[in-house]
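Student: Sending over a structure as structure tokens; questions will come in a sec.
Readers should treat all values here as calculations from the given coordinates under stated rules, not as data from a laboratory. Model, not experiment: these values are computed from the prediction. Cβ placement follows ideal geometry from the backbone for every residue including glycine, while neighbour counts extend to all protein chains displayed.
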Amino acid sequence: MTIRIKRVYDPVEPSDGERYLVERLWPRGVRRDELVITAWLRAVAPSDALRRWYAHDPAKWSEFQQRYQEELLARPREWKPLLEAARRGPITLLYSARDRVHNSAVVLRAFLEEWLHSAGEGHDEATTLGRCTERKARVEDERTAR
């Protein structure tokens, strides 16, 4: 159950497993017939509004992570195929951002790994979703308190 992240511009490796483009926009300078991917999962990427708000500003990183996780919680149908693929074998999430540390694929991988870890501990989906919903409520409370 390995989930890797790579820039779309990095070379393909056999250890990549299934490769998923997790960007809302197609990467600049990459022809569609040249990119080796299993699927392009646009809907799992941050919303246009969130992407524009964040604008790859590291000062907004913490808030971006929280907001993106909230979006993911609201759209499980979009990320569950990634979870199922990760259970079958290694997967690689492809992103195009220059920043290798502060990008949506980093958040998505952590989110998926949390789900995989919870399942490994014997938690069912409802329990895991409940824990995530509680976290979302705490985040909302913190935002309201500011």
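Student: Tell me, what HN-Hα J-couplings in whole Hz come from the Karplus equation 6.51 cos²θ - 1.76 cosθ + 1.60 at θ = phi - 60° for each residue of the stretch 86-101, using x for Gly and Pro?
Tutor: The phi angles translate into 5, 6, 7, x, x, 9, 10, 8, 9, 9, 10, 4, 6, 6, 7, 9 Hz.
Student: List the residues, sorted by chain then number, that are 5 or more residues from residue 4 or on another chain and whose placed amide H is less than 5 Å from its amide H.
Tutor: Placed amide hydrogens put 91, 92, 93 under 5 Å from residue 4.
Student: May I have the extent of the alpha carbons of the stretch 1-90 along their three principal axes, as whole Å values ordered from largest to smallest?
Tutor: If we take the Cα atoms of the stretch 1-90, the spans are 35, 31, 20 Å.
Student: Continuing with the same structure: What FRET efficiency comes out for residue 52 versus residue 78 if R0 is 25 angstrom and r is the Cβ-Cβ distance? Round to the nearest 0.05.
Tutor: Values: r = 19 Å, r/R0 = 0.77.
Computed FRET efficiency for residue 52 and residue 78 comes out at 0.80.
Student: Which whole-Hz couplings ³J(HN,Hα) result when phi for each residue of the stretch 68-84 is put into the Karplus expression 6.51 cos²θ - 1.76 cosθ + 1.60, θ = phi - 60°, listed in order with x for Gly and Pro?
Tutor: With the stated coefficients, the stretch 68-84 comes to 5, 4, 5, 4, 5, 4, 7, 10, x, 4, 7, 9, 4, x, 5, 4, 5 Hz.
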